[in-house]
Amino acid sequence: MRNNTCTKRLKFRGIGGQALVETALVLPLVLLLLFAIVSYGLYINAVDTIQQAVRVGARTAAIGDTLGCPGDSAATQLSQGHHPTVYGAVDDQLNHDKPWLSTGSGSTAIPVISYAAIIGNDANPQQNNVIVTVAYSYHPVIPIPGLLPNPVEVAQTYQMMVETPQPSNGTTPTMPTGSPYEETAQWTQPPPPTAGVTYLIQPGGC
């Protein structure tokens, strides 16, 4: 009886030790997969937030508000009795989701409007469209090599019919460089239009 009891105990200890080893081998992989899913989910949320921001920016441009400058705040402009700028609308939309729109420690990433343009309709000038591209340097919570680098550059474009024309000094026929288009050369997808187009500029500069 004693020999049988000892044998059973040894078997149980062997099974318990095997389970512990298997857990130690599998758990890191499971945790890594879980963190990767969470990190990629937050990235998808960031892309969705930037998509919403570019829609708001295009809407602001479509009703005739000017381009503005990086760092503008629509809330501040409205409180001062001014119309919000395109930059102000974009920045405020992104600020709503700042806790989840991770920019990494020490990062000063801000949205950049790569280009904002009015595309002319030669057949019907009342059907001009505004096209806006917003770019953002997103730093994922947990980078995923080969899939989610740090940072990952996100650019979204939206187009909308113009309701109110821009002021006469708020556009230019040639694509401007420099502020407020700091990263214009970097963002060419989709390529900016080249025919029948005027680009938004900020009257008075930034």
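Structural remarks
- Taken together, the residues in the range 40-79 that are under 22 Å from residue 159 (Cα atoms) and in contact (Cβ under 8 Å) with a residue 40 or more places away in the chain amount to 22.
- Which listed residue is charged (D, E, K, R) and surrounded by 16 or more Cβ atoms within 10 Å (Cβ to Cβ), from 65, 48: 65
Yes/no per residue for (1) farther than 30 Å from residue 119 by Cα; (2) touching a Leu at 6+ places or on another chain (Cβ under 9 Å); (3) modelled with pLDDT under 85; (4) not aromatic (Phe, Trp, Tyr):
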position: 32; (1), (2), (3), (4): yes, no, yes, yes
position: 35; (1), (2), (3), (4): yes, no, yes, no
position: 43; (1), (2), (3), (4): yes, yes, no, no
position: 46; (1), (2), (3), (4): no, yes, no, yes
position: 51; (1), (2), (3), (4): no, no, no, yes
position: 54; (1), (2), (3), (4): no, no, no, yes
position: 66; (1), (2), (3), (4): no, yes, no, yes
position: 77; (1), (2), (3), (4): no, no, no, yes
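- Residues that are of a type in the set (Ser, Thr, Tyr) and in a loop (DSSP other than H, G, I, E, B), drawn from the range 56-75: 66, 73
- Complete set of residues in the range 135-156 that are touching a Phe, Trp or Tyr at 6+ places or on another chain (Cβ under 8 Å) and part of a strand (DSSP E or B): 135, 138, 144, 148, 152, 153, 154, 155
- Against the test of being in contact with a strand residue (DSSP E or B) (Cβ under 8 Å, 6 or more places away or on another chain), surrounded by fewer than 19 Cβ atoms within 10 Å (Cβ to Cβ) and modelled with pLDDT of 80 or more, the options 129, 95 yield a single qualifying residue, 129.
- Counted residues, the range 157-174 - those being surrounded by fewer than 17 Cβ atoms within 10 Å (Cβ to Cβ) and either modelled with pLDDT under 80 or in a loop (DSSP other than H, G, I, E, B) (or both): 6
- Residues in the range 76-87 that are under 22 Å from the mean Cα position of the chain (by Cα) and assigned to a loop (DSSP other than H, G, I, E, B): 84, 85.
- Residue 151 being crowded, with 16+ Cβ neighbours inside 10 Å, closer than 30 Å to residue 34 by Cα, without any contact (Cβ under 8 Å) to a residue 60 or more places away in the chain and not polar (S, T, N, Q): yes
The values are calculated or read from the model by the stated rules, or taken from the named source; none is laboratory data. Just so we're clear, the structure is a prediction, and the values are computed from it rather than from any experiment. As a convention, Cβ positions derive from the backbone with ideal geometry for all residues, glycine included, and neighbour counts pool all protein chains shown.
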